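The structure under discussion appears below in the form of structure tokens.
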Amino acid sequence: MNRVSTSDLLKHYYPCHRAVVKAAILLKSDPPLKARLLGEMAAILKLVNRIETIRETSFVKLVYWLAYAAIGLLCGGLILMENTRLHEAIFFIVVISLMMIFLISLISDLDNPFGYGDPMSAEDISLDVLTSAVNRMQAAH
């Protein structure tokens with residue numbers, strides 16, 4: 001809910017992780033508990049990274065563009081429409097087809113948001129989280 005930034009959350013995560021690792025070292029006699037503790041810490045970090053990815057990804061511009069294009073085309077078509085039924089049918093078939101094709105490509109992009117190699121991809125998930133994770137790992141060594 002944007003009350004705490006990801007960097008502030010990670011500042012609290014790492015001391016907690018160090019404490020859990022120290023506790024895991026002391027739990028020599030109980031390997032399942034040790035594995036569960038470390039697994040939970042990994043799951044928390046995974047969730048933090050996923051939340052950061054969701055926060056930083058914006059599909060709003062594309063959705064607004066789709067809405068404005070649909071409204072503009074439909075209103076323009078209705079204003080310029082003549083009484084001929086053939087023109088009306090062709091116009092609505094073209095507009096609805098274009099919107100459906102665009103919607104299918106949007107769904108395809110949302111289904112595979114890491115399509116940086118695909119030149120037809122419109123919206124992609126930012127890889128900044130991966131870059132910052134690599135930088136944090138390099139800084140830790």
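In whole Hz, what ³J(HN,Hα) sequence does the stretch 5-16 give by Karplus (6.51, -1.76, 1.60; θ = phi - 60°), x for Gly and Pro?
Listing the rounded values in order: 6, 5, 5, 5, 5, 5, 4, 8, 5, 4, x, 5 Hz.
Using 7 Å Cα-to-Cβ label points, what is the ASP8/SER97 separation (nm, one decimal)?
Calculated label separation equals 5.3 nm.
Each reported figure results from applying straightforward, stated rules to the coordinates on display, with no laboratory input. Just so we're clear, the structure is a prediction, and the values are computed from it rather than from any experiment. In this analysis, Cβ positions are derived from the backbone assuming ideal geometry, glycine residues included, and neighbour counts consider all displayed protein chains.
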